[in-house]
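Written below as C-alpha coordinates is the structure these notes are about.
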Amino acid sequence: MARVTTFGSTGPASHTEGVTVSLGMPSAPAPVLAPRRKSRKIKVGKVEVGGDAPISVQSMCTTPTTDINATLQQIAELTASGCDIVRVACPSQDDADALPAIARKSQIPVIADIHFQPKYVFAAIDAGCAAVRVNPGNIRKFDDQVKQIAQAAKDAGVSLRIGVNAGSLDKRLLEKYGKPTAEALVESAVWEASLFEEHDFHDFKISVKHNDPVVMVRAYELLAERGDWPLHLGVTEAGPAFQGTIKSATAFGALLSKGIGDTIRVSLSAPPVEEIKVGNQILQSLNLKPRKLEIVSCPSCGRAQVDVYTLAEQVTAGLEGMTVPLRVAVMGCVVNGPGEAREADLGVASGNGKGQIFVKGEVIKTVPEAQIVETLIEEAMRIADEMGEPVDEDSAGSPSVTVG
(Lines give C-alpha, C1' and ligand atoms only; values in the text may rest on other atoms or scores of the structure.)
Protein backbone atom coordinates (compact mmCIF):
# COMPACT_ATOMS: atom_id res chain seq x y z
CA MET A 1 0.00 0.00 0.00
CA ALA A 2 1.66 3.18 -1.19
CA ARG A 3 1.67 6.03 1.31
CA VAL A 4 2.99 9.56 0.79
CA THR A 5 3.02 12.13 3.59
CA THR A 6 2.25 15.80 3.07
CA PHE A 7 1.81 18.55 5.62
CA GLY A 8 -1.03 21.01 6.02
CA SER A 9 -2.63 23.27 8.60
CA THR A 10 -3.96 20.36 10.67
CA GLY A 11 -0.82 18.23 10.58
CA PRO A 12 0.37 15.52 8.22
CA ALA A 13 -1.90 13.99 5.61
CA SER A 14 -1.76 10.51 4.16
CA HIS A 15 -2.41 9.49 0.54
CA THR A 16 -3.73 5.95 0.48
CA GLU A 17 -4.53 4.46 -2.91
CA GLY A 18 -5.14 7.89 -4.38
CA VAL A 19 -7.27 9.19 -1.50
CA THR A 20 -5.98 12.16 0.50
CA VAL A 21 -6.57 11.60 4.21
CA SER A 22 -5.99 14.32 6.82
CA LEU A 23 -4.66 12.91 10.08
CA GLY A 24 -5.00 14.19 13.63
CA MET A 25 -7.48 16.35 15.46
CA PRO A 26 -8.57 19.65 13.84
CA SER A 27 -6.40 22.66 14.64
CA ALA A 28 -9.36 25.01 15.16
CA PRO A 29 -10.17 25.81 18.81
CA ALA A 30 -12.56 23.26 20.28
CA PRO A 31 -15.95 24.60 21.42
CA VAL A 32 -16.55 24.99 25.17
CA LEU A 33 -19.79 25.28 27.11
CA ALA A 34 -19.04 28.70 28.61
CA PRO A 35 -16.26 31.30 28.76
CA ARG A 36 -13.90 31.04 31.71
CA ARG A 37 -14.79 33.16 34.70
CA LYS A 38 -12.45 36.14 34.96
CA SER A 39 -10.15 35.50 37.90
CA ARG A 40 -6.87 37.03 38.95
CA LYS A 41 -3.74 35.12 37.98
CA ILE A 42 -1.23 33.82 40.49
CA LYS A 43 1.82 31.59 40.21
CA VAL A 44 2.47 28.29 41.91
CA GLY A 45 6.13 27.96 41.15
CA LYS A 46 6.39 27.76 37.36
CA VAL A 47 2.66 27.02 36.92
CA GLU A 48 0.24 29.89 36.39
CA VAL A 49 -3.21 29.52 37.96
CA GLY A 50 -6.23 31.65 37.10
CA GLY A 51 -6.78 34.28 34.46
CA ASP A 52 -6.21 32.84 31.00
CA ALA A 53 -3.87 30.09 32.25
CA PRO A 54 -4.83 26.49 31.42
CA ILE A 55 -6.73 24.67 34.16
CA SER A 56 -4.14 22.69 36.08
CA VAL A 57 -4.48 19.22 37.60
CA GLN A 58 -3.21 18.45 41.07
CA SER A 59 -2.79 15.46 43.34
CA MET A 60 -1.29 14.71 46.74
CA CYS A 61 1.41 12.27 47.71
CA THR A 62 0.41 9.31 49.88
CA THR A 63 3.97 8.58 50.96
CA PRO A 64 5.35 9.79 54.30
CA THR A 65 7.00 13.12 53.56
CA THR A 66 9.88 12.06 55.76
CA ASP A 67 10.67 9.32 53.23
CA ILE A 68 12.24 11.66 50.72
CA ASN A 69 13.12 9.04 48.11
CA ALA A 70 9.66 7.42 48.12
CA THR A 71 8.01 10.83 47.91
CA LEU A 72 10.18 11.93 45.01
CA GLN A 73 9.49 8.62 43.24
CA GLN A 74 5.76 9.15 43.60
CA ILE A 75 6.09 12.73 42.38
CA ALA A 76 7.96 11.44 39.32
CA GLU A 77 5.13 8.98 38.60
CA LEU A 78 2.56 11.76 38.97
CA THR A 79 4.56 14.04 36.69
CA ALA A 80 4.70 11.33 34.03
CA SER A 81 0.92 10.94 34.27
CA GLY A 82 0.29 14.62 33.59
CA CYS A 83 0.20 16.13 37.08
CA ASP A 84 0.91 19.87 37.12
CA ILE A 85 1.18 20.54 40.86
CA VAL A 86 1.68 18.17 43.80
CA ARG A 87 0.89 18.54 47.49
CA VAL A 88 2.75 16.86 50.37
CA ALA A 89 1.70 16.59 54.00
CA CYS A 90 3.64 18.39 56.71
CA PRO A 91 2.24 17.41 60.13
CA SER A 92 5.56 17.26 62.01
CA GLN A 93 9.01 18.81 62.29
CA ASP A 94 10.55 15.78 60.61
CA ASP A 95 8.27 16.39 57.61
CA ALA A 96 9.25 20.05 57.57
CA ASP A 97 12.91 19.05 57.60
CA ALA A 98 12.35 16.92 54.47
CA LEU A 99 10.67 19.71 52.49
CA PRO A 100 13.83 21.47 51.17
CA ALA A 101 15.12 18.35 49.39
CA ILE A 102 11.69 17.49 47.98
CA ALA A 103 10.99 21.03 46.78
CA ARG A 104 14.42 21.27 45.17
CA LYS A 105 14.35 17.94 43.35
CA SER A 106 10.71 17.78 42.27
CA GLN A 107 10.05 18.42 38.57
CA ILE A 108 6.72 20.08 39.34
CA PRO A 109 5.78 22.69 41.96
CA VAL A 110 5.36 21.36 45.49
CA ILE A 111 2.68 22.62 47.88
CA ALA A 112 3.10 22.00 51.60
CA ASP A 113 -0.13 21.00 53.35
CA ILE A 114 -0.30 22.58 56.79
CA HIS A 115 -2.71 21.92 59.65
CA PHE A 116 -2.72 22.71 63.37
CA GLN A 117 0.80 24.16 63.77
CA PRO A 118 1.34 27.62 62.22
CA LYS A 119 5.11 27.31 62.59
CA TYR A 120 5.15 24.83 59.71
CA VAL A 121 3.73 27.47 57.39
CA PHE A 122 6.93 29.47 57.85
CA ALA A 123 9.06 26.32 57.64
CA ALA A 124 7.51 25.43 54.28
CA ILE A 125 8.10 28.93 52.93
CA ASP A 126 11.72 28.80 54.07
CA ALA A 127 12.09 25.33 52.51
CA GLY A 128 11.42 26.70 49.05
CA CYS A 129 7.98 25.20 48.49
CA ALA A 130 6.12 26.78 45.58
CA ALA A 131 3.01 27.31 47.71
CA VAL A 132 1.49 26.51 51.07
CA ARG A 133 -2.03 25.24 51.74
CA VAL A 134 -3.40 26.64 54.99
CA ASN A 135 -6.58 25.47 56.70
CA PRO A 136 -7.93 28.39 58.74
CA GLY A 137 -10.36 26.11 60.55
CA ASN A 138 -7.75 24.09 62.40
CA ILE A 139 -4.56 26.17 62.59
CA ARG A 140 -4.20 27.56 66.09
CA LYS A 141 -4.83 31.31 66.31
CA PHE A 142 -4.50 31.51 62.52
CA ASP A 143 -6.16 34.91 62.16
CA ASP A 144 -3.67 36.44 64.59
CA GLN A 145 -0.75 35.40 62.36
CA VAL A 146 -2.06 36.41 58.95
CA LYS A 147 0.13 39.51 58.85
CA GLN A 148 3.34 37.54 59.46
CA ILE A 149 2.33 34.76 57.06
CA ALA A 150 1.47 37.27 54.34
CA GLN A 151 4.78 39.07 54.74
CA ALA A 152 6.84 35.88 54.72
CA ALA A 153 5.04 34.57 51.62
CA LYS A 154 5.37 37.91 49.84
CA ASP A 155 9.09 38.16 50.60
CA ALA A 156 9.69 34.62 49.28
CA GLY A 157 7.41 34.91 46.24
CA VAL A 158 5.29 32.03 47.52
CA SER A 159 1.56 31.76 46.92
CA LEU A 160 -1.01 30.33 49.30
CA ARG A 161 -4.21 28.32 49.13
CA ILE A 162 -6.88 29.15 51.65
CA GLY A 163 -8.35 25.68 51.98
CA VAL A 164 -11.72 25.68 53.73
CA ASN A 165 -13.03 22.19 54.39
CA ALA A 166 -16.41 20.96 55.61
CA GLY A 167 -14.70 18.55 58.00
CA SER A 168 -12.68 21.21 59.78
CA LEU A 169 -14.79 24.32 59.70
CA ASP A 170 -14.30 26.97 62.38
CA LYS A 171 -16.44 26.13 65.43
CA ARG A 172 -17.95 29.62 65.45
CA LEU A 173 -19.37 29.06 61.97
CA LEU A 174 -20.66 25.62 62.87
CA GLU A 175 -22.52 27.19 65.78
CA LYS A 176 -23.92 29.89 63.52
CA TYR A 177 -25.11 27.64 60.68
CA GLY A 178 -25.62 24.38 62.53
CA LYS A 179 -23.62 22.39 59.97
CA PRO A 180 -21.09 23.04 57.18
CA THR A 181 -23.48 24.58 54.66
CA ALA A 182 -22.38 26.20 51.41
CA GLU A 183 -22.94 29.59 53.02
CA ALA A 184 -20.78 28.66 56.02
CA LEU A 185 -17.90 27.54 53.79
CA VAL A 186 -18.07 30.73 51.77
CA GLU A 187 -18.24 32.98 54.83
CA SER A 188 -15.09 31.35 56.18
CA ALA A 189 -13.24 31.71 52.88
CA VAL A 190 -14.26 35.33 52.28
CA TRP A 191 -13.30 36.31 55.82
CA GLU A 192 -9.84 34.81 55.55
CA ALA A 193 -9.33 36.33 52.10
CA SER A 194 -10.19 39.75 53.47
CA LEU A 195 -7.58 39.40 56.21
CA PHE A 196 -4.82 38.71 53.69
CA GLU A 197 -6.00 41.50 51.42
CA GLU A 198 -5.90 43.93 54.34
CA HIS A 199 -2.17 43.25 54.41
CA ASP A 200 -1.91 43.76 50.64
CA PHE A 201 -1.35 40.07 49.93
CA HIS A 202 -3.25 38.79 46.91
CA ASP A 203 -1.27 35.76 45.72
CA PHE A 204 -3.68 33.12 46.91
CA LYS A 205 -6.35 30.83 45.59
CA ILE A 206 -9.33 29.48 47.51
CA SER A 207 -11.04 26.12 47.89
CA VAL A 208 -14.32 25.37 49.68
CA LYS A 209 -14.50 21.58 49.73
CA HIS A 210 -17.40 19.40 50.80
CA ASN A 211 -18.09 15.67 50.39
CA ASP A 212 -21.56 16.36 48.97
CA PRO A 213 -21.25 17.47 45.32
CA VAL A 214 -24.47 19.50 45.53
CA VAL A 215 -23.29 21.52 48.53
CA MET A 216 -19.82 21.83 47.01
CA VAL A 217 -21.16 23.17 43.71
CA ARG A 218 -23.35 25.71 45.47
CA ALA A 219 -20.44 26.89 47.62
CA TYR A 220 -18.23 27.55 44.60
CA GLU A 221 -21.05 29.31 42.77
CA LEU A 222 -21.53 31.64 45.73
CA LEU A 223 -17.79 32.16 46.13
CA ALA A 224 -17.35 32.98 42.43
CA GLU A 225 -19.85 35.81 42.85
CA ARG A 226 -17.97 37.37 45.76
CA GLY A 227 -14.57 38.05 44.23
CA ASP A 228 -12.06 37.36 41.47
CA TRP A 229 -9.94 34.89 43.42
CA PRO A 230 -8.67 31.86 41.46
CA LEU A 231 -10.55 28.79 42.63
CA HIS A 232 -9.24 25.29 43.33
CA LEU A 233 -12.01 22.71 42.85
CA GLY A 234 -12.34 19.58 44.90
CA VAL A 235 -14.92 17.20 46.35
CA THR A 236 -13.31 16.20 49.63
CA GLU A 237 -13.38 12.58 50.79
CA ALA A 238 -15.05 11.65 47.50
CA GLY A 239 -14.60 7.93 48.16
CA PRO A 240 -13.25 4.85 46.35
CA ALA A 241 -12.26 5.09 42.70
CA PHE A 242 -15.66 4.50 41.09
CA GLN A 243 -17.75 6.56 43.50
CA GLY A 244 -15.16 9.32 43.75
CA THR A 245 -14.83 9.57 40.00
CA ILE A 246 -18.59 9.97 39.58
CA LYS A 247 -18.83 12.55 42.36
CA SER A 248 -15.91 14.59 41.05
CA ALA A 249 -16.95 14.41 37.41
CA THR A 250 -20.47 15.51 38.33
CA ALA A 251 -19.37 18.43 40.49
CA PHE A 252 -16.53 19.57 38.26
CA GLY A 253 -18.67 19.28 35.15
CA ALA A 254 -21.38 21.45 36.73
CA LEU A 255 -18.86 24.16 37.64
CA LEU A 256 -16.46 24.02 34.70
CA SER A 257 -19.39 24.11 32.28
CA LYS A 258 -20.12 27.54 33.76
CA GLY A 259 -16.51 28.67 33.51
CA ILE A 260 -15.85 28.27 37.25
CA GLY A 261 -12.57 26.65 38.27
CA ASP A 262 -8.88 27.30 37.70
CA THR A 263 -7.23 24.18 39.11
CA ILE A 264 -8.63 20.81 40.21
CA ARG A 265 -7.91 17.81 42.37
CA VAL A 266 -9.89 14.58 42.12
CA SER A 267 -9.78 13.09 45.62
CA LEU A 268 -9.92 9.30 45.41
CA SER A 269 -9.24 6.44 47.79
CA ALA A 270 -6.92 5.10 45.12
CA PRO A 271 -3.33 5.59 43.95
CA PRO A 272 -2.66 9.28 43.20
CA VAL A 273 -1.90 8.53 39.54
CA GLU A 274 -5.55 7.52 39.15
CA GLU A 275 -6.57 10.99 40.34
CA ILE A 276 -4.51 12.53 37.55
CA LYS A 277 -5.97 10.25 34.90
CA VAL A 278 -9.52 11.14 35.94
CA GLY A 279 -8.77 14.85 36.26
CA ASN A 280 -7.19 15.10 32.84
CA GLN A 281 -10.02 13.12 31.28
CA ILE A 282 -12.63 15.44 32.81
CA LEU A 283 -10.87 18.46 31.33
CA GLN A 284 -10.43 16.79 27.94
CA SER A 285 -14.09 15.78 27.86
CA LEU A 286 -15.09 19.43 28.32
CA ASN A 287 -12.55 20.62 25.70
CA LEU A 288 -10.68 22.45 28.46
CA LYS A 289 -7.51 20.50 27.76
CA PRO A 290 -6.23 19.37 24.36
CA ARG A 291 -7.46 15.88 23.59
CA LYS A 292 -4.82 13.23 23.10
CA LEU A 293 -5.57 9.62 22.30
CA GLU A 294 -9.28 8.83 22.56
CA ILE A 295 -10.81 5.39 22.17
CA VAL A 296 -14.46 5.42 21.07
CA SER A 297 -16.18 2.06 21.49
CA CYS A 298 -19.77 0.88 21.37
CA PRO A 299 -21.44 -0.61 24.47
CA SER A 300 -22.34 -3.72 22.45
CA CYS A 301 -25.83 -5.11 21.95
CA GLY A 302 -27.64 -8.05 20.38
CA ARG A 303 -26.54 -6.87 16.91
CA ALA A 304 -22.83 -7.26 17.71
CA GLN A 305 -21.17 -10.09 15.83
CA VAL A 306 -17.76 -9.73 17.45
CA ASP A 307 -16.50 -9.50 21.04
CA VAL A 308 -16.48 -5.70 21.34
CA TYR A 309 -15.45 -5.67 25.00
CA THR A 310 -12.30 -7.66 24.36
CA LEU A 311 -11.45 -5.70 21.22
CA ALA A 312 -11.78 -2.35 23.03
CA GLU A 313 -9.70 -3.54 25.99
CA GLN A 314 -6.95 -4.94 23.77
CA VAL A 315 -6.77 -1.83 21.59
CA THR A 316 -6.67 0.39 24.68
CA ALA A 317 -3.87 -1.68 26.18
CA GLY A 318 -1.97 -1.78 22.90
CA LEU A 319 -2.04 1.99 22.52
CA GLU A 320 -1.13 2.76 26.13
CA GLY A 321 1.36 5.59 26.15
CA MET A 322 0.44 7.13 22.81
CA THR A 323 0.22 10.94 23.09
CA VAL A 324 -0.81 11.95 19.57
CA PRO A 325 -4.21 13.63 19.11
CA LEU A 326 -5.86 10.55 17.66
CA ARG A 327 -9.46 9.32 17.82
CA VAL A 328 -9.79 5.54 17.41
CA ALA A 329 -13.24 3.94 17.01
CA VAL A 330 -13.83 0.28 17.88
CA MET A 331 -17.35 -0.57 16.70
CA GLY A 332 -19.16 -3.90 16.77
CA CYS A 333 -21.97 -3.83 14.23
CA VAL A 334 -23.04 -2.51 10.84
CA VAL A 335 -25.68 -0.06 12.16
CA ASN A 336 -23.61 2.71 13.76
CA GLY A 337 -20.20 1.19 13.22
CA PRO A 338 -19.32 2.49 9.75
CA GLY A 339 -20.51 6.01 10.57
CA GLU A 340 -18.58 6.19 13.85
CA ALA A 341 -15.50 4.66 12.25
CA ARG A 342 -15.61 7.19 9.41
CA GLU A 343 -15.79 10.08 11.89
CA ALA A 344 -12.68 8.88 13.70
CA ASP A 345 -9.08 9.24 12.55
CA LEU A 346 -8.80 5.47 12.69
CA GLY A 347 -11.46 2.87 13.25
CA VAL A 348 -12.96 -0.51 12.69
CA ALA A 349 -16.54 -1.52 11.88
CA SER A 350 -16.91 -5.20 12.70
CA GLY A 351 -19.32 -7.91 11.60
CA ASN A 352 -19.48 -11.53 10.47
CA GLY A 353 -16.08 -12.25 11.96
CA LYS A 354 -14.39 -9.50 9.96
CA GLY A 355 -13.49 -5.88 10.41
CA GLN A 356 -13.37 -2.99 7.95
CA ILE A 357 -10.43 -0.73 8.83
CA PHE A 358 -11.04 2.98 8.24
CA VAL A 359 -8.43 5.73 8.10
CA LYS A 360 -10.04 9.16 8.18
CA GLY A 361 -13.26 8.05 6.58
CA GLU A 362 -11.89 5.69 3.97
CA VAL A 363 -11.82 1.89 4.09
CA ILE A 364 -8.21 0.81 3.58
CA LYS A 365 -8.65 -2.93 4.13
CA THR A 366 -10.85 -5.70 5.53
CA VAL A 367 -9.23 -8.14 7.95
CA PRO A 368 -10.34 -11.23 9.93
CA GLU A 369 -11.49 -10.58 13.51
CA ALA A 370 -8.28 -12.14 14.83
CA GLN A 371 -6.24 -9.43 13.06
CA ILE A 372 -8.31 -6.38 14.02
CA VAL A 373 -6.33 -5.38 17.10
CA GLU A 374 -2.97 -5.96 15.46
CA THR A 375 -4.01 -3.94 12.39
CA LEU A 376 -5.41 -1.01 14.39
CA ILE A 377 -2.28 -0.77 16.51
CA GLU A 378 -0.08 -0.99 13.43
CA GLU A 379 -2.02 1.79 11.68
CA ALA A 380 -2.01 3.96 14.81
CA MET A 381 1.76 3.63 15.11
CA ARG A 382 2.16 4.52 11.44
CA ILE A 383 -0.01 7.61 11.86
CA ALA A 384 1.92 8.67 14.95
CA ASP A 385 5.18 8.27 13.06
CA GLU A 386 3.90 10.33 10.15
CA MET A 387 2.80 13.03 12.56
CA GLY A 388 6.31 13.15 13.95
CA GLU A 389 5.14 12.20 17.44
CA PRO A 390 6.46 8.78 18.43
CA VAL A 391 4.93 6.94 21.38
CA ASP A 392 6.51 7.82 24.73
CA GLU A 393 5.39 5.17 27.18
CA ASP A 394 7.10 6.91 30.10
CA SER A 395 5.31 10.24 29.79
CA ALA A 396 1.73 9.49 28.89
CA GLY A 397 -1.27 8.35 30.84
CA SER A 398 -3.89 5.90 29.72
CA PRO A 399 -5.93 6.69 26.62
CA SER A 400 -9.41 7.94 27.31
CA VAL A 401 -12.24 5.57 26.46
CA THR A 402 -15.67 6.72 25.31
CA VAL A 403 -18.49 4.21 25.03
CA GLY A 404 -20.90 5.09 22.28
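The values are calculated or read from the model by the stated rules, or taken from the named source; none is laboratory data. Since we're looking at a predicted model, the values are computed, not measured. Virtual Cβ from ideal backbone geometry, glycine too; neighbours counted across all protein chains shown. Remember, those area values only see protein heavy atoms, side chains included, never the ligands or the DNA or RNA. Shrake-Rupley method; radii C 1.70, N 1.55, O 1.52, S 1.80 Å.
Using the structure shown, decide if ASP52 is modelled with pLDDT of 95 or more, in a loop (DSSP other than H, G, I, E, B) and open to solvent by 80 Å² or more (accessible area, probe 1.4 Å).
yes
When you go through (1) among the aliphatic types (A, V, I, L, M); (2) open to solvent by 20 Å² or more (accessible area, probe 1.4 Å); (3) modelled with pLDDT of 95 or more one by one for ALA270, which number turns out not to apply?
(3)
VAL278 passes all but one of (1) aliphatic (A, V, I, L, M); (2) within 16 Å of the chain's Cα centre (by Cα); (3) within 27 Å of SER194 (Cβ to Cβ); which number fails?
(3)
Looking at segment 246-260, is at least one residue open to solvent by less than 20 Å² (accessible area, probe 1.4 Å), part of a loop (DSSP other than H, G, I, E, B) and out of contact with any helix residue (DSSP H, G or I) (no Cβ under 6 Å at 6 or more places or on another chain)?
Within segment 246-260, one or more residues are open to solvent by less than 20 Å² (accessible area, probe 1.4 Å), part of a loop (DSSP other than H, G, I, E, B) and out of contact with any helix residue (DSSP H, G or I) (no Cβ under 6 Å at 6 or more places or on another chain).
Is there any pair with a first residue in segment 246-267 that is under 12 Å from SER207 (Cβ atoms) and a second that is open to solvent by 10 Å² or more (accessible area, probe 1.4 Å) and modelled with pLDDT under 95 whose Cβ atoms are under 8 Å apart and which are 6 or more apart or on different chains, and what are they?
SER267/THR236; SER267/GLU237
Across segment 188-204, which residue is nearest to ASN165 (Cα to Cα) among those that are among the hydrophobic types (A, V, I, L, M, F, W, C) and assigned to a helix (DSSP H, G or I)?
Among residues in segment 188-204 that are among the hydrophobic types (A, V, I, L, M, F, W, C) and assigned to a helix (DSSP H, G or I), the one nearest to ASN165 (Cα to Cα) is ALA189.
Would you point out which residue out of THR65, THR20 is among the hydroxyl-bearing types (Ser, Thr, Tyr), over 20 Å from the mean Cα position of the chain (by Cα) and modelled with pLDDT of 95 or more?
THR65
From the residues in segment 122-143 that are modelled with pLDDT under 95 and closer than 21 Å to ARG265 by Cβ, which one is surrounded by the fewest Cβ atoms within 10 Å (Cβ to Cβ)?
Result: ASN138.
Select, from ALA380, ALA312, the only residue that is over 21 Å from SER285 (Cα atoms), touching a residue at least 60 places away in the same chain (Cβ under 8 Å) and within 26 Å of the chain's Cα centre (by Cα).
Result of the check over ALA380, ALA312: ALA380.
Taking into account only those residues within segment 275-287 that are open to solvent by 10 Å² or more (accessible area, probe 1.4 Å) and out of contact with any Gly (no Cβ under 9 Å at 6 or more places or on another chain), which is nearest to ASN211 (Cα to Cα)?
That would be GLN284.
With respect to GLN74, determine if the residue is within 20 Å of GLY259 (Cα to Cα) and of a type outside the set (Phe, Trp, Tyr).
Answer is no for this residue.
Does VAL215 fit the bill of being in a helix (DSSP H, G or I) and open to solvent by 10 Å² or more (accessible area, probe 1.4 Å)?
yes
Does ALA370 fit the bill of being open to solvent by less than 20 Å² (accessible area, probe 1.4 Å), modelled with pLDDT of 80 or more and either in contact with a Gly (Cβ under 6 Å, 6 or more places away or on another chain) or not in a strand (DSSP E or B) (or both)?
Here the answer is no, as ALA370 does not meet what is asked.
Where residues in segment 373-404 are among the hydrophobic types (A, V, I, L, M, F, W, C) and assigned to a loop (DSSP other than H, G, I, E, B), which of them is modelled with the highest pLDDT?
MET387
Within segment 95-117, how many residues turn out to be open to solvent by 20 Å² or more (accessible area, probe 1.4 Å) and more than 23 Å from ALA80 (Cα to Cα)?
4
When you scan segment 261-293, how many residues do you find that are in a helix (DSSP H, G or I) and not hydrophobic (A, V, I, L, M, F, W, C)?
9
Can you pull out every residue in segment 78-94 that is β-branched (Val, Ile, Thr) and open to solvent by 20 Å² or more (accessible area, probe 1.4 Å)?
THR79
Condition first: out of contact with any His (no Cβ under 9 Å at 6 or more places or on another chain), of a type in the set (Lys, Arg) and surrounded by fewer than 19 Cβ atoms within 10 Å (Cβ to Cβ). Can you find one or more residues in segment 144-158 that meet it?
no
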